[in-house]
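Heads up: the structure comes next, in structure tokens.
The values are calculated or read from the model by the stated rules, or taken from the named source; none is laboratory data. Being a predicted model, the structure only gives us computed values, none of them experimental. Every residue, glycine as well, gets a Cβ built from its backbone with ideal geometry; the counts of neighbours run over all protein chains shown.
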Amino acid sequence: MKTRTLSTILFSLFLLAFAFGVTSRPAQAADAAPVYLTFAKSDPDGNYVWNGTVGGDLNGDLETVLLGFSASSKILNVEFDWIVSAGENSFTARMSGILDTETGKVVMNGTIIDGWLKGAQVHEEGQLVDLDSSGFAGTIRIMPASAD
């Protein structure tokens with residue numbers, strides 16, 4: 001009976017500690033969790049600079065600048081700078097990947113080259129949502145554990 005009571009107490013203490021965020025994992029493990037962002041952007045002027053916003057784990061303004069592209073059939077290989085203005089969490093990421101011109105799907109990977117989490121790996125997935133304004137929406141995942 002004593003063993004069962006002790007087990008129940010220990011289990012209850014574990015649940016309380018977990019509920020209040022007092023776990024045995026190191027503090028840096030929490031800092032290494034991915035940062036998830038959503039974005040919406042457009043380039044209605046056709047000047048290869050898209051403006052919009054990011055939300056999710058942080059909120060701010062977004063500017064993406066096309067640095068270059070090459071075409072192979074329906075696929076464009078693209079390179080962009082993603083500039084996120086979000087106070088102390090502002091950063092610039094250099095991204096490259098593909099745009100499928102038939103489906104409007106974009107997938108890019110890159111690295112934060114300046115600002116918050118410099119050196120961290122970044123993954124973006126987007127979708128063309130408005131052909132007239134060249135509007136895109138999607139998600140960005142930043143892996144802080146890969147930062148310098």
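Checking the conditions here, which among ASP81, ASP114 is at pLDDT 95 or above, among the charged types (D, E, K, R), assigned to a strand (DSSP E or B) and under 24 Å from PRO44 (Cβ atoms)?
Details: ASP114 fails: under 24 Å from PRO44 (Cβ atoms).
The match here is ASP81.
Please verify whether the stretch 116-124 includes one or more residues that are touching a helix residue (DSSP H, G or I) at 6+ places or on another chain (Cβ under 7 Å), at negative phi and of a type in the set (Phe, Trp, Tyr).
Filtering the stretch 116-124 down to residues touching a helix residue (DSSP H, G or I) at 6+ places or on another chain (Cβ under 7 Å) leaves 116-117, 119-121.
If we keep only those that are at negative phi too, we end up with 116, 120-121.
Restricting the remaining residues to those that are of a type in the set (Phe, Trp, Tyr) gives 116.
Scanning the stretch 116-124 turns up at least one residue that is touching a helix residue (DSSP H, G or I) at 6+ places or on another chain (Cβ under 7 Å), at negative phi and of a type in the set (Phe, Trp, Tyr).
Which condition number does SER133 fail, the rest of (1) in contact with a strand residue (DSSP E or B) (Cβ under 8 Å, 6 or more places away or on another chain); (2) free of Cβ contacts under 8 Å to residues at least 40 places away in the same chain; (3) among the hydroxyl-bearing types (Ser, Thr, Tyr) being met?
Tallying (1) in contact with a strand residue (DSSP E or B) (Cβ under 8 Å, 6 or more places away or on another chain); (2) free of Cβ contacts under 8 Å to residues at least 40 places away in the same chain; (3) among the hydroxyl-bearing types (Ser, Thr, Tyr), SER133 fails exactly one: (2).
Would you say ALA40 is surrounded by fewer than 14 Cβ atoms within 10 Å (Cβ to Cβ) and either within 13 Å of the chain's Cα centre (by Cα) or β-branched (Val, Ile, Thr) (or both)?
On the way: surrounded by fewer than 14 Cβ atoms within 10 Å (Cβ to Cβ): no; either within 13 Å of the chain's Cα centre (by Cα) or β-branched (Val, Ile, Thr) (or both): yes.
Spelling it out, it is not the case that ALA40 is surrounded by fewer than 14 Cβ atoms within 10 Å (Cβ to Cβ) and either within 13 Å of the chain's Cα centre (by Cα) or β-branched (Val, Ile, Thr) (or both).
I need the full set of residues from the stretch 95-110 which are touching a residue at least 24 places away in the same chain (Cβ under 8 Å), surrounded by fewer than 17 Cβ atoms within 10 Å (Cβ to Cβ) and in a strand (DSSP E or B), in order please.
Passing the criteria: only ASP100.
Tally time: how many residues in the stretch 54-69 are in a strand (DSSP E or B), under 15 Å from TRP116 (Cβ atoms) and hydrophobic (A, V, I, L, M, F, W, C)?
2
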